[in-house]
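This report refers to the structure that appears directly beneath it.
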Amino acid sequence: VRPLSHVPALGPVEVSFEFFPPKSTKMEDGLRQTVGALAPLGPRFLSVTYGAGGSTRDRTLATIAALAHDTSVPVAAHLTCVDATRGQVDDVARAYWAAGIRHIVALRGDPTTPGSRFVPHPDGYENAAALVAGLRRIAPFEISVAAYPETHPDAASPQADLDNLKAKIDAGATRAITQFFFEAETFLRFRDRAAAAGIDAEILPGILPVANIAQAYKFADMCGARVPDWMRRLFDGLDDQPATRALVTTATAAELCRQLRAGGVSRFHFYTLNRAEACQALCRLLVNPQ
Ligand code: FAD
């Protein structure tokens, strides 16, 4: 095993939290409580996902408006370009700017039929790099993009995927947020490879505190992330024991964060799935190491 070469000095821990737009009034109340619990931790930003093809466009905007009303934390809006013309995507970006949104997480998105090949809209942006360049022409947004420590399933090779990440940064993105992963080495080696490829933008590890292992298998299958065997064994037989599952979830994610921290990582992005408890516990552990 190669030694890790690129280990930056430990800095103070900084976090960001990702949410999805709630679908019902009950879920809206739940998100408000979650944000109420997480905002006092002083995150750098909160981000809100965007249903591919614009399916959540209005709800994404409404959720961002609610977050901006309830907290003073900067908010980032996700935006995808799949199944849309450039004009449609640009209109959403302009609506974001008009609503005071200054940070976009720019994504290609996935085809609506799961498992089918991505085909760009004939009048659309062909990939996320083109979207970043398009957004740059609209307004001086801060732009984050996606990165894949275990390589995106569509990539011709890990190197091609890194080249694509570099293209997104060169087009004007200033930060990458990774797909989730479950072993620290996965991220630390990716960070090394990105540095060697000349990518100097910050790369935030995306941490998914898995509350539901069946859902994690599904997500992982879709995005090419690997669920290690030890993790499958850890959750084996816990389907009907949510409280124990939650403890295992938090313990596993805490160990992942601890190892990342030991590897020099000081900024973390949490996929909250609109739940506060695990993320709250993880942040406390990160900020107060033993
Ligand atoms: P791209 O960077 O365009 O790349 C996708 C793949 O295609 C890469 O493997 C790349 O190497 C390859 N590729 C790109 N251009 C070319 C080319 N010209 N020729 C050959 N290969 C090429 N999805 C949503 O629908 N809504 C969200 O809110 C959302 N948020 C996300 C947040 C994060 C942090 C992450 C990691 C993912 C998110 N996704 C979201 C999922 C994302 O849309 C999918 O992973 C999608 O499949 C790829 O998007 P991308 O922006 O990485 O695409």
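The values are calculated or read from the model by the stated rules, or taken from the named source; none is laboratory data. Remember, it's a predicted structure, so these values are computed and weren't measured experimentally. Glycine also receives a Cβ, built like all others from the backbone with ideal geometry; neighbour counts cover every protein chain displayed.
Structure above, values below:
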item	result
Number of the exception - residue 237 against (1) modelled with pLDDT of 90 or more; (2) in a loop (DSSP other than H, G, I, E, B); (3) touching a helix residue (DSSP H, G or I) at 6+ places or on another chain (Cβ under 9 Å)	(3)
Those residues of segment 139-166 which are under 19 Å from residue 77 (Cβ atoms) and either more than 7 Å from the ligand (Cβ to nearest atom) or of a type in the set (S, T, N, Q) (or both), in sequence order	139, 140, 141, 142, 143, 144
Residue list for segment 128-156, filter: free of Cβ contacts under 8 Å to residues at least 40 places away in the same chain and surrounded by 14 or more Cβ atoms within 10 Å (Cβ to Cβ)	133, 136, 154, 155
Criterion violated by residue 164 - all others in (1) surrounded by fewer than 15 Cβ atoms within 10 Å (Cβ to Cβ); (2) under 30 Å from residue 61 (Cβ atoms) satisfied	(1)
First in segment 158-170 and in a helix (DSSP H, G or I), second anywhere and among the basic types (Lys, Arg) and at pLDDT 95 or above, Cβ under 8 Å, 6 or more apart	158/193; 162/193
Members of segment 102-136 that are of a type in the set (Val, Ile, Thr) and either under 21 Å from residue 202 (Cα atoms) or not in a loop (DSSP other than H, G, I, E, B) (or both)	104, 105, 132
Qualifying position, being within 16 Å of the ligand (Cβ to nearest atom), over 22 Å from residue 77 (Cβ atoms) and under 17 Å from the mean Cα position of the chain (by Cα), among 216, 211, 201	216
Candidates 22, 12, 40, filtered to the one that is outside any helix (DSSP H, G or I) and away from the ligand (no atom under 15 Å from the Cβ)	12
Residue list for segment 225-246, filter: under 21 Å from residue 275 (Cα atoms) and loosely packed, with under 13 Cβ neighbours inside 10 Å	239, 240, 241, 242, 243, 244
Residue within segment 227-244 that is within 17 Å of residue 182 (Cβ to Cβ) and small (Gly, Ala, Ser) present	no
Top-ranked residue of segment 63-89 - restricted to ones that are part of a helix (DSSP H, G or I) and surrounded by 18 or more Cβ atoms within 10 Å (Cβ to Cβ), ranked as farthest from the ligand (Cβ to nearest atom)	66
Filtered residues of segment 118-128 (kept if within 10 Å of the ligand (Cβ to nearest atom) and either under 24 Å from residue 196 (Cα atoms) or touching a helix residue (DSSP H, G or I) at 6+ places or on another chain (Cβ under 8 Å) (or both))	125, 127, 128
Any hit, segment 129-138, residues being touching a strand residue (DSSP E or B) at 6+ places or on another chain (Cβ under 7 Å) and either within 12 Å of the ligand (Cβ to nearest atom) or at pLDDT below 95 (or both)	yes
Qualifying residue in segment 100-113 (condition: hydroxyl-bearing (Ser, Thr, Tyr) and either within 16 Å of the chain's Cα centre (by Cα) or more than 15 Å from the ligand (Cβ to nearest atom) (or both))	no
Filter pass, residue 204 being assigned to a loop (DSSP other than H, G, I, E, B), of a type in the set (A, V, I, L, M), under 22 Å from residue 13 (Cβ atoms) and modelled with pLDDT of 90 or more	no
Selected residue [under 21 Å from residue 19 (Cβ atoms), in a helix (DSSP H, G or I) and out of contact with any Pro (no Cβ under 6 Å at 6 or more places or on another chain)] from 216, 225	216
